[in-house]
Amino acid sequence: MEDAETDFGVPIPGKVLPPEQWAKTALKKLPPPGPLDWQTLFGRSAPIILDLGCGNGRFVISSALQRPECDHLGCDILPLVIRYATKRANQRGLANVRLAVIGAFEFLEQYAAPHSIQEIHLYHPQPYKDSERAYKRLITPEFLSLVHRSLAPQGLVVLQTDNRAYWNYIRHVAPLLFDFDELKGTWRDAPQGRTRREIYARQHKLTIFRGKGTPKPNVTAAQIAEIIQSQPPPRFDAGG
């Protein structure tokens, strides 16, 4: 049985502190839709880093430990994984982390003020290999337009998958809105993988596809609408 503090043998970053040093990272109830007041949420003004689909919290915890000067929000649609992430972030005393149960699209659409986010990370979105569920795929032109709207002018988006068909779609649509570069090799900060899924994929010799980008400047609302209308939805064959 896998140790609760490892992912496939790789330890969860950080150490469990004495209970009196634990933090409270759960956003148990989001406010009504509207731009979040980050300064009120974290009690300070700092760069904001989003981990969309954060799973059990490995990346958001690692980043928060490495970059205490930044505030982090991780969200996932699955309450169970947010419970794992919350427990681990709490036990590590990470006052610069908040965690919420909400979908990535919904969060950006309803809670992210324009140009308010410094970094948006999305690792291994569900490819939905069953063609009847392809409509659930997250990365669409409309989703990427929300990422573009939410990021600061020199902000960073990071996208990663181990599904080749999904990557082929991403590298077609992402450059329409971002100055986008494909990345090779492993992460310097986490060579075994930044997320539970990446660790699994690397251990099973799956190819990791990833890239990063900054928002293209001076893209008008009309141009974004044209991109959304003209580009195909992600209805590719993701494999069996």
Report, by residue number, each residue of the stretch 203-240 that is among the charged types (D, E, K, R), in contact with a Phe, Trp or Tyr (Cβ under 9 Å, 6 or more places away or on another chain) and modelled with pLDDT of 95 or more. ARG210, LYS212, LYS216
Search the stretch 16-36 for residues being of a type in the set (D, E, K, R) and at pLDDT below 95, and hand back the single one that is nearest to ALA113 (Cα to Cα). LYS29
Considering only the stretch 228-240, state which residues are more than 21 Å from the chain's Cα centre (by Cα), of a type in the set (Gly, Ala, Ser) and either under 24 Å from ASP179 (Cα atoms) or buried (at least 17 other Cβ atoms within 10 Å of the Cβ) (or both). SER230
Failed condition for GLN118, given (1) touching a helix residue (DSSP H, G or I) at 6+ places or on another chain (Cβ under 6 Å); (2) over 30 Å from PRO18 (Cα atoms); (3) in contact (Cβ under 8 Å) with a residue 60 or more places away in the chain, with all others met? (1)
Only one of (1) part of a helix (DSSP H, G or I); (2) at pLDDT 95 or above; (3) farther than 23 Å from PRO217 by Cα fails for LEU108. Which number is that? (3)
Please enumerate the residues belonging to the stretch 193-227 that are within 23 Å of the chain's Cα centre (by Cα), of a type in the set (Gly, Ala, Ser) and not in a loop (DSSP other than H, G, I, E, B). ALA201, GLY211, GLY213
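A quick yes/no check of all residues on (1) small (Gly, Ala, Ser); (2) without any contact (Cβ under 8 Å) to a residue 60 or more places away in the chain; (3) in contact with a strand residue (DSSP E or B) (Cβ under 8 Å, 6 or more places away or on another chain); (4) in a strand (DSSP E or B):
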{"site": "ILE49", "(1), (2), (3), (4)": "no, no, yes, yes"}
{"site": "ASN56", "(1), (2), (3), (4)": "no, no, yes, no"}
{"site": "PHE59", "(1), (2), (3), (4)": "no, no, yes, no"}
{"site": "SER63", "(1), (2), (3), (4)": "yes, yes, yes, no"}
{"site": "GLU69", "(1), (2), (3), (4)": "no, yes, no, no"}
{"site": "GLY74", "(1), (2), (3), (4)": "yes, yes, yes, yes"}
{"site": "LEU80", "(1), (2), (3), (4)": "no, yes, no, no"}
{"site": "ARG83", "(1), (2), (3), (4)": "no, yes, no, no"}
{"site": "THR86", "(1), (2), (3), (4)": "no, no, yes, no"}
Is the stretch 22-40 home to any residue that is of a type in the set (Lys, Arg), touching a residue at least 40 places away in the same chain (Cβ under 8 Å) and in a helix (DSSP H, G or I)? no
Output for the stretch 114-126, where each listed residue is in contact with a strand residue (DSSP E or B) (Cβ under 7 Å, 6 or more places away or on another chain) and closer than 12 Å to GLY53 by Cβ: ILE120, HIS121, LEU122, TYR123, HIS124, PRO125
Residue tally, condition among the hydrophobic types (A, V, I, L, M, F, W, C) and not in a loop (DSSP other than H, G, I, E, B), over the stretch 1-21: 1
Anything in the stretch 113-161 that is small (Gly, Ala, Ser), buried (at least 18 other Cβ atoms within 10 Å of the Cβ) and assigned to a strand (DSSP E or B)? List them, or say none. GLY155
Candidate set from the stretch 200-227 (those that are under 20 Å from ALA165 (Cα atoms) and hydrophobic (A, V, I, L, M, F, W, C)); member that is surrounded by the most Cβ atoms within 10 Å (Cβ to Cβ): ILE208
May I ask you to verify whether ALA100 is touching a Gly at 6+ places or on another chain (Cβ under 8 Å), in a helix (DSSP H, G or I) and either at pLDDT 95 or above or closer than 30 Å to ILE228 by Cβ (or both)? no
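The values are calculated or read from the model by the stated rules, or taken from the named source; none is laboratory data. Only a predicted model underlies this, so the values are computations on that prediction, with no experimental measurement involved. For neighbour counting, all protein chains shown are included, and Cβ atoms are generated from backbone atoms with ideal geometry for every residue, glycine included.
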